[in-house]
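Reading through the structure tokens given below for one structure.
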Amino acid sequence: MSHFTEKFCFLSLVLWGLGVIIVPLTLSSQNYDLVIKGGHVIDPKNNIDGPMDVAVLDGKIVSVSKNIDASTAETVVEASGKYVTPGIIDMHTHNFHGTGSYLANGFLSVQPDGFTFKAGVTTVVDVGSSGWRNVGQFKTQTIDKSKTRVLVFLNIVGTGMKGGAWEQDLNDMDAKLTAIAAKKYSDVVVGVKVAHYSGPEWYPVERGVEAGTLADIPVMIDFGGVIPELSLETLLMEKLRPGDILTHTFGHVKGRIPIVGEDGNLEPYVKQAQERGVIFDVGHGGGSFLFEQAIPAMEQGFLPNTISTDLHTGSMNGGMKDMLNVMSKFLNMGMDLQEVIEASTWEPAKVINRPDLGHLSEGAGADIAVFSLREGEFGFVDVRRNRMDGTKKLECELTVRDGKVVFDLNGISSQIWNK
Ligand SMILES: [Zn+2]
């Protein structure tokens, strides 16, 4: 409860004790828990792109407008010269951290809160670290204990990403049991993941799509790798439904056909697939983002639908680093800031069928990011350690989750220590 409401209730009790009947009157001045003043708001869902104040009360956005009166607000953040956006949604992460193996309850998955808020991220989508057999453990161990909102794509493999032979086991790819678990945990499960399979069969993709159809949720494909390669065109034009997702869009690993061929041309079916509703996700990772793919593809007019990190210990200490570094790469490759923010907020929210997320509408949960856009000389590195130089870099100043400040780089929400 805010101080103002507390005082109002106390006064009411005293007057009630004296036999005075209280008729609640319209309060003359609004009271807010937090007001972010003077920033440049980018909220693609609501077509807002300009100077606005943002007011928060009881964990919700209550107003986005010019010149909000902040005189009675508990906390006022001065954000002029900075960008204010919805909390960032990272569509592709691995957060099932534990002492098991690989990314399923494993040491390569990272505990969410340590790596999200510093980059303005308030929602992560763990794609495939868990399957129907261990999503319950993931929920009690990580999801329920994290301040970051953690959503889940269930691996079509029942044991999730335990690595090695576990992920090649066709007998553990059960569409029906995956769909049952998706419905049981529908508060957190928003999709199905197919990944890392290295055989010549379409079976894993088909079981994934079957599970997605049964549970009415999208499927994300990490297309693995096999020689001779499976047809990327068949995957994109025939196997996937509109709304399904290809991740690692700008990767080129052995056994997976890249979207830009050796002649430097974007495969024509890539844009056709995007036009029929297939979603292209970045999923940068430790091995799945190359400038030699991304730059020619973007020069030929192809933009990814969603920007994401594929966060795990292997990617965060390599060229990927964090969500803002990946977003900054796309900014320097020619996407404008509005497109970059949309691909990291409202677009992923739509892809995972969570229209309550990724925007600053009145009544929405108050997940907010405040950024500086630094100008200077910066280097960006891909997964083969090749570098692209750029002049723009996003830096997270402040992150708000559920109305509470959870990260503040320069103390812009704090009082001076001796005042
Ligand atoms: Zn991944």
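General observations
- Residue check, Ser308 within 16 Å of the ligand (Cβ to nearest atom) and outside any helix (DSSP H, G or I): yes
- Top-ranked residue in the range 14-47 [being surrounded by 16 or more Cβ atoms within 10 Å (Cβ to Cβ) and assigned to a loop (DSSP other than H, G, I, E, B); ranked as modelled with the lowest pLDDT]: Gln30
- Identity of the residue in the range 257-268, assigned to a loop (DSSP other than H, G, I, E, B) and aliphatic (A, V, I, L, M), that ends up surrounded by the most Cβ atoms within 10 Å (Cβ to Cβ): Ile259
- Index of the failed condition, Ile217 passing every other in (1) surrounded by fewer than 21 Cβ atoms within 10 Å (Cβ to Cβ); (2) more than 11 Å from Asn155 (Cα to Cα); (3) in contact with a Gly (Cβ under 8 Å, 6 or more places away or on another chain); (4) touching a residue at least 40 places away in the same chain (Cβ under 8 Å): (1)
- Every residue from the range 57-90 that is part of a loop (DSSP other than H, G, I, E, B) and in contact (Cβ under 8 Å) with a residue 40 or more places away in the chain: Asp58, Gly59, Asp69, Ser71, Thr72, Ala73, Glu74, Ala79, Ser80, Gly81, Lys82, Gly87
- Residue in the range 71-79 that is at pLDDT below 95, surrounded by fewer than 17 Cβ atoms within 10 Å (Cβ to Cβ), of a type outside the set (Asp, Glu) and away from the ligand (no atom under 16 Å from the Cβ) present: yes
- Residue count for the range 221-243, restricted to those that are under 15 Å from Gln274 (Cβ atoms) and within 16 Å of the ligand (Cβ to nearest atom): 1
- Residue in the range 166-175 that is on the phi > 0 side of the Ramachandran plot and either within 16 Å of the ligand (Cβ to nearest atom) or more than 22 Å from the chain's Cα centre (by Cα) (or both) present: no
- Complete set of residues in the range 167-189 that are under 29 Å from Lys145 (Cα atoms), of a type in the set (A, V, I, L, M, F, W, C) and surrounded by fewer than 21 Cβ atoms within 10 Å (Cβ to Cβ): Ala175, Leu177, Ile180, Val188
- Residues being touching a Pro at 6+ places or on another chain (Cβ under 6 Å) and surrounded by 16 or more Cβ atoms within 10 Å (Cβ to Cβ) - total across the range 269-292: 2
- Answer residue from the range 91-117, given it is among the hydrophobic types (A, V, I, L, M, F, W, C) and assigned to a helix (DSSP H, G or I) and is nearest to the ligand (Cβ to nearest atom) among those: Phe115
- The condition (being in contact with a helix residue (DSSP H, G or I) (Cβ under 9 Å, 6 or more places away or on another chain), crowded, with 16+ Cβ neighbours inside 10 Å and among the basic types (Lys, Arg)) is satisfied by just one residue among Lys193, Lys162: Lys193.
- Qualifying residue in the range 223-237 (condition: under 17 Å from the mean Cα position of the chain (by Cα) and over 27 Å from Gly164 (Cα atoms)): no
- With respect to the conditions (1) in contact (Cβ under 8 Å) with a residue 60 or more places away in the chain; (2) under 30 Å from Met320 (Cα atoms), Val54 lacks only one, and its number is (2).
- Residue ID - farthest from Thr247 (Cα to Cα), chosen from residues in the range 269-305 that are assigned to a helix (DSSP H, G or I) and among the small types (Gly, Ala, Ser): Ala297
- Verdict on Gly251 being within 16 Å of the ligand (Cβ to nearest atom), out of contact with any helix residue (DSSP H, G or I) (no Cβ under 6 Å at 6 or more places or on another chain) and either in a loop (DSSP other than H, G, I, E, B) or of a type in the set (Asp, Glu) (or both): yes
- Residue that is surrounded by the most Cβ atoms within 10 Å (Cβ to Cβ), among those in the range 315-354 that are assigned to a loop (DSSP other than H, G, I, E, B) and free of Cβ contacts under 8 Å to residues at least 24 places away in the same chain: Lys321
- Contact annotation: residue pairs with Cβ atoms under 6 Å, 6 or more positions apart or on different chains, pairing a residue in the range 378-402 that is among the polar types (S, T, N, Q) and buried (at least 22 other Cβ atoms within 10 Å of the Cβ) with a partner that is modelled with pLDDT of 95 or more and not in a loop (DSSP other than H, G, I, E, B), are Thr399/Phe117; Thr399/Ala369; Thr399/Val406; Thr399/Phe407.
- Of the numbered criteria (1) within 16 Å of the ligand (Cβ to nearest atom); (2) surrounded by 16 or more Cβ atoms within 10 Å (Cβ to Cβ), the one Ser198 fails is (2).
- Top-ranked residue in the range 130-155 [being assigned to a strand (DSSP E or B) and closer than 30 Å to Phe371 by Cα; ranked as nearest to the ligand (Cβ to nearest atom)]: Phe153
The values are calculated or read from the model by the stated rules, or taken from the named source; none is laboratory data. For clarity, every value in this text was computed on a predicted model and none was experimentally measured. Backbone-built Cβ (ideal geometry, glycine too); neighbour counts: all protein chains shown.
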